[in-house]
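Heads up: the structure comes next, in structure tokens.
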Amino acid sequence: MNRPDLDKEGLRRKYLEERNKRLRPDGNQQYLELKEGFAHYLDDPYLPVTPREAKTDHVSFAFIGGGFAGLATAARLVEAGITDVRIIDKGGDFGGTWYWNRYPGAQCDTASMVYMPLLEETGHMPTEKYAHAPEILAHCQRIGRHYGLYDNALLHTQVRALSWDETRSRWLIETHRGDAFTAQHIGLGTGPLHVPKLPGIPGIESFLGHAFHTSRWDYGYTGGDPSGAPLDKLAGKRVAIIGTGATSVQCVPHLARACEALYVFQRTPSSVDARHNAPIDPEWFAGIATPGWQQRWLENFTANQAGGNAEVDLVQDGWTDLAGRIRAQISKLAPAERSVPNMLAAYEEADFEKMTEIRARTDAIVQDRDTADKLKAWYRQLCKRPCFHDAYLQAFNHPAVHLVDTEGRGVERITATGVVVAGRTFPVDCIIYASGFEVGTPLQRRAGFDLIGQGGRRLSEHWAQGMRSQHGIHVHGFPNAFFVQPTQGANLISNVPHNLTEAATTIATVVAHARDKGFAAVEVTEAAENAWVELLRSSPGRMTSSPDCTPGYYNNEGQDPGPAARLNVGYPAGATAYFKYLAEWRRSGRFDGLAFR
Ligand code: NDP
């Protein structure tokens with residue numbers, strides 16, 4: 001402990017100053033919803049919509065969302081013998097976020113060995129430590145084929161209404177393509193970040209050049225392809241990219257090589273640590289890929305992140321590095337000194353140390369001093385999504401790349417021909433919005449529907465004072481409906497798919513039990529849901545939701561999210577303990593808290 005070379009007071013002061021520069025009163029209202037004149041930003045540039053007949057049939061299980069949540073749940077159901085599973089997705093194929101995000105350089109930030117679900121079941125070896133997007137999309141398609149999920153799927157289809165029919169113990173599902181079919185059970189895995197948003201910059205509607213959002217990449221305009229082929233049509237073009245989050249960090253190096261001039265408009269710098277990607281050696285893989293390997297790796301990664309036995313670190317990356325540093329700092333405290341304030345101080349010190357290294361890395365890579373300074377992140381590492389890249393900072397050494405820092409204020413204005421910051425206009429041919437996705441807007445707005453459960457009660461009413469569930473999966477008043485997402489479960493943010501595959505196994509176990517015993521419906525009791533919510537209230541919460549952090553979607557743009565957000569937490573004892581608890585809950589066969597009828 002106690003590194004005299006770290007000016008902790010100075011760092012705290014600087015972090016606060018930077019946060020205050022970025023804070024704005026309109027919070028989430030600053031972003032534009034993609035409707036009316038902006039609705040075309042949502043069009044699918046990848047696959048045409050093919051005509052089909054509307055469905056009016058019945059399936060055992062309907063899942064809303066064809067990303068990892070839907071694929072993993074469907075896979076576990078098929079393994080349990082429930083094969084008429086219908087996945088519905090607004091995209092033209094499976095993949096969810098990986099269907100839409102095909103921007104050049106897109107890549108997973110969590111090691112493929114733990115990030116890509118069902119590797120062992122499908123027999124796939126990831127080609128790289130951090131796989132690129134085309135491989136992940138192909139893996140989603142592989143899962144779809146392996147489990148026979150394509151025939152029943154409804155793609156390019158948006159659910160508009162979901163209502164529970166108590167007399168027939170089934171859900172009615174209606175879609176924007178005229179479908180009105182029933183399912184005995186439903187699953188919901190619509191993902192937290194799937195509705196693109198635009199920055200509400202004055203004049204944005206007046207731009208006459210070309211413009212698109214990174215999650216709808218227009219290769220017709222830029223040339224190139226998602227595998228990294230040069231963006232050859234950008235030669236001679238002046239391009240603006242607005243935003244410097246995880247998406248921008250990955251695509252800027254590709255744009256840098258292609259444009260005549262690239263202007264990177266920055267409001268808050270990302271922290272960009274080393275990536276160290278490497279191909280996976282098939283011989284090495286054959287040696288470790290013995291039965292049960294992926295579960296072992298998942299458990300090991302989670303243990304390194306969230307309170308398990310972490311003597312070995314199989315993954316060894318930026319996530320486990322930070323967690324390891326925090327543990328090392330805490331272990332320096334004598335047992336009697338391990339009070340909450342001392343442990344938080346140890347955590348802060350590990351964080352200062354890490355961020356100081358990341359800022360030094362910027363200095364070591366970026367040649368222009370002023371640019372290097374502007375690219376430095378002044379906040380705690382988990383205040384914003386940590387980024388890892390070995391070509392992003394380097395791109396600013398390219399003569400065609402210009403960083404336009406906005407001092408935390410954002411772009412001032414967009415005109416018919418360019419982008420304005422601090423009174424200076426940058427004329428451009430194209431604007432690429434790397435401006436992220438809606439977070440914190442009402443669930444029904446993002447999903448496009450509200451659930452109507454028992455007695456006509458809406459999910460939005462049930463959750464008006466905050467999310468209520470058991471395990472983040474079962475919700476009272478919504479029988480035979482299962483939610484697949486991290487909140488109120490493990491809440492493991494560094495590897496979201498682990499949350500999803502565990503929920504998938506749970507759901508398949510419950511549904512198979514109902515089938516085997518002849519039950520038409522299953523629902524969590526009110527008492528069990530209340531008890532789970534009470535347990536969650538004792539959770540310390542997430543450090544990342546702190547209002548002291550620099551504003552962003554992690555902390556509701558720095559504004560008080562209200563009491564409802566207090567329930568956006570995970571199992572108090574941590575992710576490793578939660579997964580153990582859940583495995584035992586399933587294994588017992590008692591399914592405590594659920595009522596079958
Ligand atoms: P983000 O929301 O992280 O970034 C949006 C960017 O737009 C920010 O830099 C934001 O600045 C900037 N911005 C917004 N409004 C303005 C404005 N008016 N003027 C200037 N800049 C503005 O979106 P991303 O798409 O980058 O990432 C979203 C999430 O998706 C990530 O956090 C991550 O969870 C996930 N992701 C994961 C990847 C992976 O695993 N490999 C890759 C990419 C994304 P400010 O920061 O100040 O708000």
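Those residues that are buried (at least 23 other Cβ atoms within 10 Å of the Cβ) and in a helix (DSSP H, G or I), I need them from the range 190-233; list them, please.
Passing the criteria: Thr214, Ser215, Thr222.
Quick one: count up the residues across the range 45-75 that are surrounded by fewer than 24 Cβ atoms within 10 Å (Cβ to Cβ) and closer than 23 Å to Leu172 by Cα.
Taking the range 45-75 and keeping what is surrounded by fewer than 24 Cβ atoms within 10 Å (Cβ to Cβ), we get 45-60.
Next cut, closer than 23 Å to Leu172 by Cα only: 51-60.
Number satisfying all stated conditions: 10.
Checking Arg409 against (1) part of a loop (DSSP other than H, G, I, E, B); (2) away from the ligand (no atom under 11 Å from the Cβ); (3) surrounded by fewer than 16 Cβ atoms within 10 Å (Cβ to Cβ), only one condition comes out false. Which one?
Going through the list (1) part of a loop (DSSP other than H, G, I, E, B); (2) away from the ligand (no atom under 11 Å from the Cβ); (3) surrounded by fewer than 16 Cβ atoms within 10 Å (Cβ to Cβ), Arg409 breaks only (2).
Does Thr97 fit the bill of being in contact with a Leu (Cβ under 8 Å, 6 or more places away or on another chain), surrounded by fewer than 24 Cβ atoms within 10 Å (Cβ to Cβ) and of a type in the set (Ser, Thr, Tyr)?
Taking the combined requirement at face value, the residue satisfies it.
Scan the range 76-96 and tell me whether some residue there is among the charged types (D, E, K, R), assigned to a strand (DSSP E or B) and under 26 Å from Thr506 (Cα atoms).
Yes - at least one qualifying residue is present in the range 76-96.
Looking at the range 143-154, I want the residues that are under 16 Å from Gly92 (Cα atoms) and free of Cβ contacts under 8 Å to residues at least 60 places away in the same chain and have a partner that is buried (at least 18 other Cβ atoms within 10 Å of the Cβ) and not aromatic (Phe, Trp, Tyr) with Cβ atoms under 7 Å, at least 6 apart or on another chain. Which pairs are those?
From the range 143-154, the pairs are Tyr150/Gly144.
Just checking, does the range 258-275 include any residue being over 28 Å from Ala422 (Cβ atoms) and within 12 Å of the ligand (Cβ to nearest atom)? Full working, then the answer.
Taking the range 258-275 first, the residues over 28 Å from Ala422 (Cβ atoms) are 273-275.
Remaining after also requiring within 12 Å of the ligand (Cβ to nearest atom): 275.
So far as the range 258-275 goes, yes, one or more of its residues are over 28 Å from Ala422 (Cβ atoms) and within 12 Å of the ligand (Cβ to nearest atom).
Do we find a residue being outside any helix (DSSP H, G or I) and out of contact with any strand residue (DSSP E or B) (no Cβ under 9 Å at 6 or more places or on another chain) anywhere in the range 255-263?
Scanning the range 255-263 turns up no residue that is outside any helix (DSSP H, G or I) and out of contact with any strand residue (DSSP E or B) (no Cβ under 9 Å at 6 or more places or on another chain).
Out of Gly228, Gly236, report the one residue that is more than 9 Å from the ligand (Cβ to nearest atom), more than 17 Å from Phe426 (Cα to Cα), of a type outside the set (A, V, I, L, M, F, W, C) and in contact (Cβ under 8 Å) with a residue 24 or more places away in the chain.
Numbers: Gly236 fails: more than 17 Å from Phe426 (Cα to Cα).
Answer to the selection: Gly228.
Residue by residue through the range 365-392, note down the ones that are out of contact with any Phe, Trp or Tyr (no Cβ under 7 Å at 6 or more places or on another chain), assigned to a helix (DSSP H, G or I) and under 25 Å from Cys108 (Cα atoms).
Selection gives Ile365, Gln381, Leu382, Tyr392.
May I ask you to list the residues in the range 419-455 that are within 16 Å of the ligand (Cβ to nearest atom), surrounded by 21 or more Cβ atoms within 10 Å (Cβ to Cβ) and not hydrophobic (A, V, I, L, M, F, W, C)?
Tyr433, Ser435, Gly436
Can you work out which of the residues in the range 306-327 that are charged (D, E, K, R) and either touching a Ser or Thr at 6+ places or on another chain (Cβ under 9 Å) or crowded, with 20+ Cβ neighbours inside 10 Å (or both) is modelled with the lowest pLDDT?
By that ranking, first place goes to Asp317.
Does Ala286 meet the test of being under 18 Å from Met116 (Cβ atoms) and outside any loop (DSSP other than H, G, I, E, B)? If you could, list the steps in order and put the result at the bottom.
Working: under 18 Å from Met116 (Cβ atoms): yes; outside any loop (DSSP other than H, G, I, E, B): yes.
It is true that Ala286 is under 18 Å from Met116 (Cβ atoms) and outside any loop (DSSP other than H, G, I, E, B).
The values are calculated or read from the model by the stated rules, or taken from the named source; none is laboratory data. Nothing here was measured: the structure is a model prediction, and the numbers come from that model. With ideal geometry, Cβ positions are generated from the backbone for all residues, glycine too; neighbour counts draw on all protein chains shown.
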